[in-house]
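Novice: Let me give you the structure first, and then I'll get to my questions.
The values are calculated or read from the model by the stated rules, or taken from the named source; none is laboratory data. Owing to the predicted nature of the structure, the values given are computational and were not obtained by experimental measurement. So basically every Cβ, Gly included, is an ideal-geometry build from the backbone, and we count neighbours across all protein chains shown.
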Amino acid sequence: MPWIKAGCRLDFFMETATPLVLMLRPRSNAEQWVARESYTLNPHVTVTEFSDTYGNLCQRLIAPLGAFSITTSAEVKTTDVIIAGPGAPLVEVQRLPEQALVYLLPSRYCESDRFGELAWGLVAEVQPGYDQVATIDSWIRNTIRYTPGSSNVPISASEVNSRGEGVCRDLAHLGIALCRSICIPARLVVGYLVGLQPMDLHAWFEAFVGGRWYTFDPTQNQLCNGRIAIAYGRDAADVAIFHQFGAGDVLTNLAVQVEWLQNAP
């Protein structure tokens with residue numbers, strides 16, 4: 001199985017001591033195993049960690065006045081290929097696991113209650129389940145332009161559909177909204193992707209069909225491996241890598257590094 005080394009550096013300048021909640025640590029699961037990691041704060045401050053509603057690892061701290069930086073690194077074993085599931089059936093709502101039900105509901109950036117007509121028009125002749133999601137994924141790829149840098153703040157599925165372009169997060173929002181509107185649970189994933197250009201954190205979505213979550217990424221012509229998931233949620237409001245609680249824009253720089261490891265740790 002391949003190994004990936006990934007991490008990021010966040011530089012802040014605080015005009016006053018500022019509470020932060022961060023989401024920067026990947027968690028081991030069936031698709032990835034975190035073998036080694038580091039998390040460095042400069043200057044050092046006390047950090048407490050908790051798991052949020054969606055199982056993401058969150059770090060809570062008070063950043064001091066002035067320059068403050070966070071540097072992370074993780075070495076992770078990942079799957080050889082991203083599993084696809086053509087023909088995987090729709091799971092009826094009454095048979096869904098309880099933890100998947102929240103991913104059927106409209107959310108701040110995924111207004112699934114506004115997309116029923118469009119979604120059903122796209123998938124009317126398609127086998128229910130995985131094939132419907134694949135059709136939605138392909139439609140987004142061929143209809144909405146993936147334009148890195150086109151939005152600096154999250155925009156909703158309705159907005160990206162109207163604009164006709166967006167960043168990875170925006171295209172994922174549209175895919176999620178379309179899936180939920182036809183009773184398929186869908187969630188946003190934020191993480192790392194080897195070879196992404198320009199290099200940055202990446203976002204894609206997963207849909208629950210055939211009894212498991214499957215990966216979809218409308219920004220990529222071919223679904224590729226080399227992914228590390230950091231966080232899962234209903235939309236971008238749940239998976240921001242940091243939340244600040246105070247005035248002003250405090251992030252001055254974000255740098256991301258992702259590469260294949262030639263030798264296992």
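Novice: So, Leu101, is that one surrounded by 14 or more Cβ atoms within 10 Å (Cβ to Cβ) and not in a loop (DSSP other than H, G, I, E, B) or not?
Specialist: Considered against the rule, which asks whether it is surrounded by 14 or more Cβ atoms within 10 Å (Cβ to Cβ) and not in a loop (DSSP other than H, G, I, E, B), Leu101 comes out as no.
Novice: Okay, next question. Among Arg227, Arg212, which is the only one that is surrounded by fewer than 18 Cβ atoms within 10 Å (Cβ to Cβ), closer than 19 Å to Asp80 by Cβ and among the basic types (Lys, Arg)?
Specialist: Values: Arg227 fails: surrounded by fewer than 18 Cβ atoms within 10 Å (Cβ to Cβ).
Only one candidate qualifies: Arg212.
Novice: Identify the single condition in (1) in the same structural domain as Ala67 (by TED's automatic domain parsing); (2) surrounded by fewer than 15 Cβ atoms within 10 Å (Cβ to Cβ) that Pro198 does not satisfy, given that it satisfies every other one.
Specialist: For Pro198, the exception is condition (1).
Novice: Determine if region 138-154 includes at least one residue that is touching a residue at least 40 places away in the same chain (Cβ under 8 Å), surrounded by 14 or more Cβ atoms within 10 Å (Cβ to Cβ) and within 14 Å of Ile184 (Cβ to Cβ).
Specialist: Looking through region 138-154, none of the residues is touching a residue at least 40 places away in the same chain (Cβ under 8 Å), surrounded by 14 or more Cβ atoms within 10 Å (Cβ to Cβ) and within 14 Å of Ile184 (Cβ to Cβ).
Novice: Specify which of the listed residues (Ser51, Ser69, Ser73) is without any contact (Cβ under 8 Å) to a residue 24 or more places away in the chain and small (Gly, Ala, Ser).
Specialist: Ser51
Novice: Looking at region 69-81, which of the residues that are out of contact with any Asp or Glu (no Cβ under 8 Å at 6 or more places or on another chain) and surrounded by 17 or more Cβ atoms within 10 Å (Cβ to Cβ) is nearest to Pro43 (Cα to Cα)?
Specialist: Ranking the qualifying residues of region 69-81, first place goes to Ile70.
Novice: Name the residue that is farthest from Gly129 (Cα to Cα), counting only residues in region 146-170 that are of a type outside the set (Gly, Ala, Ser) and in a loop (DSSP other than H, G, I, E, B).
Specialist: Going through the qualifying residues, I end up with Asn152.
Novice: Okay, moving on. Anything in region 160-194 that is touching a residue at least 60 places away in the same chain (Cβ under 8 Å) and among the small types (Gly, Ala, Ser)? List them, or say none.
Specialist: Ala177, Ser181, Ala186, Gly191
Novice: If you check Glu125 against the conditions, is it out of contact with any Pro (no Cβ under 8 Å at 6 or more places or on another chain), charged (D, E, K, R) and part of a loop (DSSP other than H, G, I, E, B)?
Specialist: Judged against the criteria, Glu125 is a match.
Novice: Might you let me know whether region 85-94 holds any residue that is among the charged types (D, E, K, R) and over 18 Å from the mean Cα position of the chain (by Cα)?
Specialist: yes
Novice: In the list His173, His243, which residue meets the criterion of being of a type outside the set (S, T, N, Q) and either closer than 25 Å to Phe68 by Cβ or part of a loop (DSSP other than H, G, I, E, B) (or both)?
Specialist: When all the criteria are applied, what remains is His243.
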